[in-house]
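Written out below as structure tokens is the structure these notes cover.
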Amino acid sequence: MTQQDINQRIRKFLNLALESFGRRDYDAAIETLKSAEVLDENNPEILYNLGVSYCRTGLYHTAISYFEKLMNLPFTTVDIITTLKLLSFSYIKTADYSAALDKAREGSDISPADTTLLNLTGYCFEKMEKFPDAIRIYKRILEIDGDNTNACNALAFILAKTGSDLTSALQYAQKALKLKPDNPAYLDTAGYIYMKRGNNDTAKKLLKKAYAKMPESEEIREHINELLDIDDTP
């Protein structure tokens, strides 16, 4: 088989995998891409699409192995920034926040104003309980994009959780809710802040609405239970 024949077969496999993506049949995409991998185990497109497919099926450790292999190639035609975002996200999903932070910051070195990378960075700092660093990053995001609701909400929650500035926390939470009034995470944050401020009636309304929209959220249930404990305190 000539190299041209191999390349043509790989292209057919990639096109079939893309069709499977369109149907959200990621298992079929993986099966097709694994056949392509046999023909060229270092093909950047194959590695990237296998990484994406494993992400979509929740197999983040396997996704990481493909993205890392892709990043270690001497040359790739795949977008490095996108790959670093996916790598950081995958490491977050495996709770390896240090590795996720490294990948997000590596991307930010290339693209300093990319708010997705900055949000990933801020989230990692938050999960690592490096709250001053997280606050700094989220404020940087708002300098770039003043309407970034994720940064507003994250800032609001950290400020409330640390008890450092409940007034600013509420302002950030209200801005996020104004932009996306039905977002359950934002409703939860606002409810949590009102609870911290002692306004339990408003907190109850917001948390109840958040729970109705996302009843599977453990964090929302924790905040509701915390509020119920306050109400039961003599």
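Packing, as the average of other Cβ atoms within 10 Å across residues, places the peptides 40-51, 212-223, 129-140 in the order 40-51, 129-140, 212-223, highest first. Rounded to the nearest 0.05, the FRET efficiency derived from the C-beta distance between Asp109 and Phe21 at R0 = 45 Å is 0.90. Stretching the chain fully between Phe131 and Thr82 yields a gain of 15.0 nm (0.36 nm per residue, less the alpha carbon separation). Structure note, pairs Lys130/Lys204; Lys130/Lys178; Lys130/Lys180; Lys178/Lys208; Lys93/Lys204: Cα-Cα distances above 25 angstrom occur for Lys130/Lys204; Lys130/Lys178; Lys130/Lys180; Lys93/Lys204.
Each helix, a run of at least 4 DSSP H residues, gives -39500 (n - 2.57); summed and divided by the residues of the chain, these come to -25500 deg cm²/dmol at 222 nm. In this structure region 66-126 gives 44 Å² per residue of accessible area when probed at 1.4 Å with all protein chains present.
The alpha-carbon atoms of region 20-162 define a convex hull whose volume equals 117 cubic angstrom per residue.
Per atom type, the chain shows carbon and sulfur on 48% of its accessible surface, probed at 1.4 Å. Between Ile144, Ile158, Ile193, the residue with the greatest mean-square fluctuation in the GNM of the chain (Cα pairs under 10 Å linked by springs) is Ile144. In this label model, Glu143 and Gln3 are separated by 4.8 nm, measuring between points 7 Å along each Cα→Cβ vector. Assign one of three labels to region 92-152, namely rounded, prolate or oblate, based on the Cα gyration tensor with a ≥ b ≥ c the square roots of its eigenvalues; rounded applies when a/c is under 1.5, prolate when it is not and a/b is larger than b/c, and oblate otherwise. Because a/c hits 1.5 or more and a/b fails to exceed b/c, region 92-152 counts as oblate.
The values are calculated or read from the model by the stated rules, or taken from the named source; none is laboratory data. Here the structure is a predicted model, which means the values were calculated and not measured. Don't worry about glycine lacking a Cβ; one is built from the backbone with ideal geometry, like all the others, and counts go over all protein chains shown. With ligands, DNA and RNA removed, areas are computed over all heavy atoms of the protein, side chains included. Shrake-Rupley method; radii C 1.70, N 1.55, O 1.52, S 1.80 Å.
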